[in-house]
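Each remark here refers to the structure printed beneath this line.
The values are calculated or read from the model by the stated rules, or taken from the named source; none is laboratory data. Everything numeric here is computed off the predicted structure, so don't read it as measured data. Cβ sites come from the backbone with ideal geometry, for glycine too, and all protein chains shown count toward neighbours.
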Protein chains: 4
Amino acid sequence: MPEAAVATSPSEATEQRILDSAELLFARRGLRGTRVREIALAAGVSAGTLYIYFPSKTALYQAVLDRGLRPVAEILDEIGCGRPTAELGTLIEGLLRHLAAHPWLSRLIYMEAISEGPFLAHLARIWFRPLLERMGQLVKGGGRRHNWPDDELPMLTASIVQVVFGHFALAPLLREAQGRDPLSPEVLREQTRFLIDYFDRLFPDHHPRQDAKEKDHERT
Amino acid sequence: MPEAAVATSPSEATEQRILDSAELLFARRGLRGTRVREIALAAGVSAGTLYIYFPSKTALYQAVLDRGLRPVAEILDEIGCGRPTAELGTLIEGLLRHLAAHPWLSRLIYMEAISEGPFLAHLARIWFRPLLERMGQLVKGGGRRHNWPDDELPMLTASIVQVVFGHFALAPLLREAQGRDPLSPEVLREQTRFLIDYFDRLFPDHHPRQDAKEKDHERT
Amino acid sequence: MPEAAVATSPSEATEQRILDSAELLFARRGLRGTRVREIALAAGVSAGTLYIYFPSKTALYQAVLDRGLRPVAEILDEIGCGRPTAELGTLIEGLLRHLAAHPWLSRLIYMEAISEGPFLAHLARIWFRPLLERMGQLVKGGGRRHNWPDDELPMLTASIVQVVFGHFALAPLLREAQGRDPLSPEVLREQTRFLIDYFDRLFPDHHPRQDAKEKDHERT
Amino acid sequence: MPEAAVATSPSEATEQRILDSAELLFARRGLRGTRVREIALAAGVSAGTLYIYFPSKTALYQAVLDRGLRPVAEILDEIGCGRPTAELGTLIEGLLRHLAAHPWLSRLIYMEAISEGPFLAHLARIWFRPLLERMGQLVKGGGRRHNWPDDELPMLTASIVQVVFGHFALAPLLREAQGRDPLSPEVLREQTRFLIDYFDRLFPDHHPRQDAKEKDHERT
DNA sequence: GATGAATGAGCCTTCATTCAT
DNA sequence: AATGAATGAAGGCTCATTCAT
């Protein structure tokens with residue numbers, strides 16, 4: 001419960017500020033491309049101060065990655081304790097809400113994945129594999145009657161991850177190409193609605209939430 | 001097989017080797033994270049030699065990006081001159097074939113997009129926007145009777161790009177998480193088959209190829 | 001004695017040390033021929049430290065030039081506020097004293113002039129042109145009855161500058177050829193005495209200081 | 001007599017072109033500040049070709065220096081074989097003619113002198129010392145009755161060198177400050193006339209040429 | 001706890017020099 | 001004789017990291 005309590009100490013606040021700035025910059029430039037001084041400057045401290053909190057740039061990177069991924073893992077754990085029906089929609093919505101609240105997270109993850117850096121295995125273990133597994137369970141299990149062949153399910157779940165996370169990861173490009181901010185509340189609402197529709201079509205038998213379904217489309 | 005034919009001067013070969021090595025490394029580390037010496041070493045030349053062919057690291061990066069994106073633009077142009085029906089499948093297959101032959105391209109593009117680098121606008125202009133437009137035409141036009149609302153089409157096409165390119169961009173992560181090489185011919189064949197199935201479900205009226213359709217699913 | 005008074009921060013001292021070393025080396029090798037590492041080594045710091053104080057080698061060069069030329073401009077300004085008679089001698093003596101105290105200055109100026117570098121115009125504006133003008137005023141004005149034709153005066157003043165500054169600029173060569181140090185107090189005293197004699201002959205009506213005149217020559 | 005005969009071989013011409021370009025550039029940038037490629041480019045050959053004619057940049061520098069200084073030494077030798085009277089004027093005129101024909105020579109010499117390079121001793125031995133000695137002989141000897149004290153003669157001769165060579169060495173600065181080209185025939189003529197007048201005043205007993213004397217001043 | 005000063009390793013780039021053609 | 005291609009050794013400059021204050 002670190003986020004529930006108020007700022008414990010001034011140094012705790014400084015540490016968070018450093019982590020925030022680092023997240024933002026690592027997400028854009030990667031580990032090698034980000035300068036310690038940039039992070040410190042963005043956090044409003046000197047580069048020397050940063051080394052009081054983190055022993056090295058790499059350790060800071062790891063801390064940023066951990067802090068970002070932990071809540072994702074928690075979301076995955078929370079889902080799945082409930083009823084198996086309609087959980088995929090819940091999972092997606094939970095993820096979207098979290099990603100919208102932490103717009104750098106997707107880019108950070110993608111950056112690390114593409115970089116094939118030293119934390120790739122870690123990333124696969126604590127983020128991607130659990131995500132695929134949970135999604136696989138939700139798709140396979142739950143009495144759903146979708147008609148996807150079993151051997152295509154891994155690719156299906158991977159594609160869902162791509163669509164959900166990709167929207168945030170490629171946000172700069174989408175903004176540039178579409179002329180609107182993919183992270184604005186309005187666009188995020190549209191994107192959420194679209195994804196629900198999207199999953200309805202991929203899993204025709206799967207009706208995540210009655211209200212959401214009736215709101216936007218009456219066909220079928 | 002365009003590289004077999006010419007084989008002009010020895011310096012031409014060197015230039016291509018440098019471009020190849022640079023593509024590989026830029027795709028993994030981005031512009032800032034890649035060292036010129038690494039590129040030169042990978043190309044089997046000295047760092048000084050590299051500067052005979054390219055005036056700067058940035059210029060080399062640009063050349064790599066251009067060389068990678070030009071064929072994609074050509075693929076987009078070629079499609080669309082034919083019949084409008086079933087063209088989406090053709091486009092996807094063409095793209096997949098090209099991306100499979102140039103496995104670093106997607107990662108290069110994603111890296112640049114995520115980095116929000118100086119070529120983002122260029123990337124949007126010559127890659128992403130044409131891609132979205134062409135796909136939008138193919139989806140909208142062609143007498144198809146899919147029932148997507150118009151305002152969701154941009155997000156739909158974006159999601160298709162995510163699924164097609166994401167497979168290659170996140171290849172290292174997929175390999176690590178799924179325990180198999182996403183770039184192996186076998187997996188690529190599966191991925192192609194999956195994507196065709198996938199589009200059939202997103203556009204139920206759209207029957208790209210009879211054989212592909214009958215192979216795996218008999219519903220509708 | 002301006003450097004004895006202040007002695008502010010340690011970094012101020014470092015900056016001055018860098019400027020001193022740079023002046024010495026730039027005066028000998030010019031801008032292009034001097035290595036940043038040499039300057040840093042001579043100043044007792046690392047090359048990186050130098051860049052804390054100056055953004056580039058060129059900026060350091062400019063700073064050295066400015067620091068060296070400012071006092072010369074001040075000397076020129078101070079002279080001329082007094083009586084017009086006998087001022088040329090005062091100017092020369094003031095210049096000689098300053099040049100003797102800053103033995104690298106002449107070489108720095110000559111080096112820049114010969115190099116035809118980017119600061120040549122600056123040098124002409126803040127050093128050479130004022131020098132010529134002030135000397136021209138002193139020679140022309142002041143009721144002197146020398147009989148130089150007007151159109152030879154610019155060349156005359158230029159030649160004076162050559163003789164005054166050239167002694168310091170060509171010091172290495174003079175030392176090598178004459179076997180004595182042109183910067184030693186003794187030789188400097190001789191040179192001053194010679195210059196006074198020299199000007200007496202160029203301007204027979206011009207008796208700068210009675211004492212100086214009587215000290216060394218009773219002939220005529 | 002290397003300049004009398006026509007171009008012996010094509011390679012001879014190339015060598016001279018390289019020497020010419022090198023002279024020009026060494027005079028402006030010094031040994032360290034000049035790039036071999038620049039010289040080659042200015043000579044219209046490749047850098048590799050340059051190494052056919054000269055084993056290294058330093059050797060080329062030495063050759064340039066030698067080629068430039070040899071005629072000066074010859075001028076010094078030729079003078080002095082004649083009558084001792086009025087020879088100083090002849091020497092000055094000969095020097096001026098040569099320096100005007102080789103405008104880079106003075107700058108080259110000054111550059112080397114200021115740089116305190118490895119050829120300083122050489123320069124002193126074959127250029128400056130003979131020059132001082134010859135001038136000293138001409139001033140002292142020849143039955144002239146000027147009234148300079150003996151211990152000021154070295155400084156006097158040095159000052160003459162400064163005035164004669166300095167005009168060419170500081171040409172860029174003079175051009176910038178005076179707004180006219182010090183190497184133009186017109187200005188060179190003026191400078192020659194000025195120098196004759198100048199020496200007449202430094203050595204009142206010394207009447208180099210009747211015509212020159214009567215042109216501008218009738219005192220004595 | 002915080003920082004300004006300092007640094008050594010390393011980065012991008014240039015350069016004198018070599019050599020096969 | 002001439003050169004284009006190549007390179008190893010700097011050269012200017014940056015950066016992660018340390019430490020006295």
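Could you tell me which numbered condition B:R175 fails, if it satisfies all but one of (1) at the interface with another protein chain (Cβ under 7 Å from one of its Cβ atoms); (2) basic (K, R); (3) more than 20 Å from B:I75 (Cα to Cα)?
Here B:R175 clears every test but (1).
(1) closer than 27 Å to B:E133 by Cα; (2) buried (at least 17 other Cβ atoms within 10 Å of the Cβ): which one isn't true of B:Q62, the others all being true?
(2)
Looking at region B:21-60, which of the residues that are away from DNA strand E (no atom under 13 Å from the Cβ) and closer than 22 Å to B:L170 by Cβ is nearest to the other protein chains (Cβ to nearest Cβ)?
Step by step, filter region B:21-60, then rank; the result is B:R28.
Take region A:170-190 and flag every residue that is under 20 Å from B:R125 (Cβ atoms) and assigned to a helix (DSSP H, G or I).
Of everything in region A:170-190, those that are under 20 Å from B:R125 (Cβ atoms) and assigned to a helix (DSSP H, G or I) turn out to be A:A171, A:P172, A:L173, A:L174, A:R175, A:E176, A:A177, A:Q178.
For region A:37-45, check the following and say yes or no: at least one residue is under 11 Å from the mean Cα position of the chain (by Cα) and either exposed (fewer than 15 other Cβ atoms within 10 Å of the Cβ) or farther than 26 Å from A:R201 by Cα (or both).
As a first pass, look at region A:37-45 and keep what is under 11 Å from the mean Cα position of the chain (by Cα): none.
No - not one qualifying residue is present in region A:37-45.
Cβ-Cβ distance below 6 Å, separation of 6 or more or different chains: which pairs start in region D:51-62 with a residue that is closer than 14 Å to D:E12 by Cα and modelled with pLDDT of 95 or more and end on one that is surrounded by 16 or more Cβ atoms within 10 Å (Cβ to Cβ) and among the charged types (D, E, K, R)?
From region D:51-62, the pairs are D:Y53/D:E15.
Is at least one residue of region B:181-201 among the acidic types (D, E), at pLDDT 90 or above and farther than 29 Å from A:Q191 by Cα? Steps first, answer last, please.
First pass over region B:181-201, keeping only residues among the acidic types (D, E): B:181, B:186, B:190, B:197, B:200.
With the extra rule that they be at pLDDT 90 or above, the set shrinks to B:181, B:186, B:190.
Okay, now just the ones that are also farther than 29 Å from A:Q191 by Cα, so B:181, B:186.
Looking through region B:181-201, at least one residue is among the acidic types (D, E), at pLDDT 90 or above and farther than 29 Å from A:Q191 by Cα.
crowded, with 17+ Cβ neighbours inside 10 Å, under 13 Å from B:L96 (Cα atoms), more than 8 Å from every other protein chain (Cβ to nearest Cβ) and over 14 Å from the mean Cα position of the chain (by Cα): which single residue out of B:I196, B:I160 fits that description? Lay out the reasoning, then the answer.
Numbers: B:I160 fails: over 14 Å from the mean Cα position of the chain (by Cα).
So the residue among B:I196, B:I160 that is crowded, with 17+ Cβ neighbours inside 10 Å, under 13 Å from B:L96 (Cα atoms), more than 8 Å from every other protein chain (Cβ to nearest Cβ) and over 14 Å from the mean Cα position of the chain (by Cα) is B:I196.
Being farther than 30 Å from D:L31 by Cβ, out of contact with any strand residue (DSSP E or B) (no Cβ under 8 Å at 6 or more places or on another chain) and among the small types (G, A, S) is the requirement here; does C:G117 meet it?
Details: farther than 30 Å from D:L31 by Cβ: no; out of contact with any strand residue (DSSP E or B) (no Cβ under 8 Å at 6 or more places or on another chain): yes; among the small types (G, A, S): yes.
Against the criterion (farther than 30 Å from D:L31 by Cβ, out of contact with any strand residue (DSSP E or B) (no Cβ under 8 Å at 6 or more places or on another chain) and among the small types (G, A, S)), C:G117 does not qualify.
Under the condition of being of a type in the set (A, V, I, L, M) and touching a residue at least 40 places away in the same chain (Cβ under 8 Å), which residue from region D:97-116 is nearest to the other protein chains (Cβ to nearest Cβ)? Let's see the steps before the verdict.
Pass one, region D:97-116, residues of a type in the set (A, V, I, L, M): D:99-101, D:105, D:108-109, D:111, D:113-114.
Next, from what is left, pick out any that are touching a residue at least 40 places away in the same chain (Cβ under 8 Å): D:99-100, D:105, D:108-109, D:111.
Details: D:L99: 14, D:A100: 15, D:L105: 12, D:L108: 9, D:I109: 9, D:M111: 5 Å.
Selected residue: D:M111.
Of the numbered conditions (1) touching a residue at least 12 places away in the same chain (Cβ under 8 Å); (2) within 16 Å of DNA strand E (Cβ to nearest atom); (3) not aromatic (F, W, Y), D:I79 satisfies every one except a single condition; which is it?
Among (1) touching a residue at least 12 places away in the same chain (Cβ under 8 Å); (2) within 16 Å of DNA strand E (Cβ to nearest atom); (3) not aromatic (F, W, Y), the lone unmet condition for D:I79 is (2).
Counting only residues that are within 16 Å of DNA strand F (Cβ to nearest atom), give me the helices (runs of 4 or more DSSP H) lying completely in region A:46-129 with at least 1 of them.
The helices (runs of 4 or more DSSP H) meeting that bar are A:47-53, A:57-78, A:103-115.
For region A:165-193, give me the residue count where each residue is under 18 Å from B:L132 (Cα atoms), touching a helix residue (DSSP H, G or I) at 6+ places or on another chain (Cβ under 8 Å) and not acidic (D, E).
Count: 14.
Look at C:A169 and say whether it is over 17 Å from C:E74 (Cβ atoms) and touching a Lys or Arg at 6+ places or on another chain (Cβ under 9 Å).
On the way: over 17 Å from C:E74 (Cβ atoms): yes; touching a Lys or Arg at 6+ places or on another chain (Cβ under 9 Å): yes.
Criteria met by C:A169.
Counting only residues that are surrounded by fewer than 18 Cβ atoms within 10 Å (Cβ to Cβ), more than 7 Å from every other protein chain (Cβ to nearest Cβ) and of a type in the set (K, R), how many does region D:117-143 have?
Summing the residues that are surrounded by fewer than 18 Cβ atoms within 10 Å (Cβ to Cβ), more than 7 Å from every other protein chain (Cβ to nearest Cβ) and of a type in the set (K, R) in region D:117-143 gives 2.
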